[in-house]
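A short write-up of the structure that comes next.
Read-outs throughout are calculated quantities, based only on the coordinates presented, and are distinct from any laboratory measurement. On a predicted model such as this, the values are computed, not experimentally measured, just so you know. Cβ: placed from backbone, ideal geometry, glycine included. Neighbour counts: every protein chain shown.
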Amino acid sequence: MARFIDETRVFVRAGNGGDGAIAFLREKYRPFGGPSGGDGGRGGDVILEVDEGLMTLLDFKYKPRLIAGNGEPGRGKHQNGHGGADLIVRVPPGTLAFDEDSGELLADLVLPGARQIIAPGGGGGSGNMHFVTSTRRAPRIATPGGAGVQRTVRLELRLVAEVGLIGLPNAGKSTLLAAMTAAHPKIAPYPFTTLTPNLGRVITGIGEHSFSIADIPGLIEGAHVGHGLGIRFLRHLSRTRLLLYVLDLSGDPEKDFTIVRNEIGAFDANLIERPAMIALNKIDLLSNSDAAAAARTLGAHTGLPVFEISAMKRTGLEPLLAELERMLGLGAPVLECRN
Ligand SMILES: Nc1nc2c(ncn2[C@@H]2O[C@H](COP(=O)(O)OP(=O)(O)OP(=O)(O)O)[C@@H](O)[C@H]2O)c(=O)[nH]1
Ligand SMILES: [Mg+2]
C-alpha cells in the first residue's frame with residue numbers, strides 16, 4: 001500500500017526572466033541601423049494543480065525540489081526570448097500550501113483541476129529597442145530579467161470528505177466504511193488497525209450525487225496529549241460537514257462517546273459544534289430489545305440521532321445513509337459495490 005503522507009516541505013523556485021538584449025540592426029547599405037534588442041522571456045511559474053486520483057503527498061518525498069524554467073534572453077533583430085516552461089505539480093484534493101518562513105497561505109485547493117501559482121516567474125527584461133528617444137537614437141540600455149520567486153513551501157493535506165468517522169479503536173469504523181463504499185480498508189480485531197486515513201465514496205441516486213467519507217485512526221483517552229496515535233489525523237475532519245461517531249454497543253458506548261468528544265474538542269473546539277450523529281455498532285452481539293434500550297439511553301444522553309447498525313452484517317445501514325444524505329442535502333442513496 002502506498003504510504004500516506006499528509007505534511008511535507010518542498011523547495012520551489014520559479015524561473016528567472018530572460019535579460020533584454022542590446023543589439024543594432026546591421027544590414028547591407030544600413031551599417032548603423034536602429035536598436036533592435038528584443039525583450040527577455042518571462043520565467044516559468046510553479047503551479048499546483050489538483051489531481052482527483054491522488055490521496056497523498058508521498059510523491060514529494062522523492063521530489064523535494066520543484067524548479068520551473070528560466071526565460072530566454074532577448075535577441076537581435078527585434079526577437080523576444082521564449083518564456084520559461086511553467087512547472088505544473090499535481091497534488092491531491094484538499095492540499096494547502098504555506099510559505100514556510102512567513103506562514104502565508106499560498107493555496108487551498110479542493111476542486112479537481114483547481115490551480116494556483118505558488119511561485120511566480122520573474123518578468124522578462126526590456127531590450128534596447130524600447131529605449132529610443134528623439135535625442136538617444138542608439139541606446140546601449142536594456143534591463144535584466146526579474147528573479148523568479150523561490151521559497152520553502154509547507155504542503156499540508158486535509159482530506160476532502162463530507163463525513164468523518166470517529167470512534168475508539170476497534171469500534172468498527174473501517175468495517176462501516178467498507179460496508180458503505182467500495183473502499184477496502186484493513187479490518188482486524190485489534191486496536192489501531194487503521195494507521196492512516198481511508199477515504200470512500202458513497203454514490204447516491206442514479207450516480208449524479210456522491211459524497212465521501214473519511215475513516216481516521218481510532219482515538220483513545222489522552223490522544224490530545226499524544227496517547228495512541230495522537231490527534232494529528234484529526235486535521236482530516238476539518239473539511240467535513242458532518243461527524244459520525246461509531247460506538248461499540250458491546251462496550252460502554254456512553255463513556256466512549258464522552259472520551260471521543262473530549263478528544264476532538266481538545267483538538268479543535270469548532271469540531272464539537274459540527275452536526276453529528278451516532279452509529280451504534282455491533283448490534284448483532286446483543287438482543288434487539290437490549291440494543292433498542294441502549295440506543296434510547298444514548299440518544300437522551302447525547303441529544304444526537306442514534307442509528308442501530310451492524311457494520312459487519314450490513315444491517316441498519318439504509319436509514320443511516322438516508323439521514324446522512326438528508327443532512328447533506330442530497331437525493332436518495334444507492335450503495336456503491338455492495339457485494
Ligand atoms: N460482531 C461485530 N463485529 C464487528 C462489527 N463491525 C466491526 N466488527 C469487528 O470489530 C473489529 C474492529 O473492526 P474495525 O473496522 O477494524 O474497527 P476500527 O474502528 O476501524 O478500528 P481501528 O482502525 O483500530 O480504529 C473487527 O474484528 C471487525 O470484524 C459488527 O457490526 N459486529
Ligand atoms: Mg480502522
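For the chain, hydrophobic long helices are taken as DSSP H runs at least 30 Å long by C-alpha position along their axis with mean Kyte-Doolittle hydropathy of 1.6 or more; none is present. For Gly218, the residues whose modelled amide H falls within less than 5 Å of its own, excluding neighbours fewer than 5 places apart on the same chain, are Phe192, Thr194.
Along its first, second and third principal axes, ordered by size, segment 163-328 spans 41, 38, 31 Å in Cα coordinates.
Annotation: amide H of Glu100 within the under-5 Å range of Thr152, Val153, Arg154, sequence separation 5 or more or interchain, hydrogens built in the peptide plane.
How would you order 62-71, 274-283, 287-296, 114-123 from highest to lowest mean count of nearby Cβ atoms within 10 Å?
Final packing ranking: 274-283, 114-123, 62-71, 287-296.
Put a plus charge on the Cβ of each Lys and Arg, a minus charge on the Cβ of each Asp and Glu, and nothing anywhere else: the dipole of segment 163-328 about its Cα centre is then about 400 debye.
Applied to segment 49-64, the Karplus parametrisation 6.51 cos²θ - 1.76 cosθ + 1.60 on θ = phi - 60° returns per-residue 3J(HN,Hα) values of 9, 6, 10, 4, x, 9, 9, 8, 9, 3, 3, 6, 4, 9, 9, x Hz, with x for Gly and Pro.
Computed from the Kirkwood radius of its Cα pairs, the Stokes-Einstein diffusion coefficient for segment 47-151 at 10 °C and 1.306 mPa s stands at 97 µm²/s. Per residue, the average separation of C-alpha pairs within less than 8 Å and at least 6 apart gives the chain a relative contact order of 16 percent. Holding the Cα-Cα limit at 24 Å, pick out from Lys186/Lys282; Lys186/Lys255; Lys28/Lys77; Lys63/Lys173 the pairs that are longer than that. With Cα atoms farther than 24 Å apart: Lys186/Lys255; Lys63/Lys173.
Could you list the square roots of 5 times each eigenvalue of the Cα gyration tensor of the chain, that is, the equivalent ellipsoid semi-axes, sorted largest first and rounded to whole Å?
Equivalent-ellipsoid dimensions as semi-axes: 60, 18, 15 Å.
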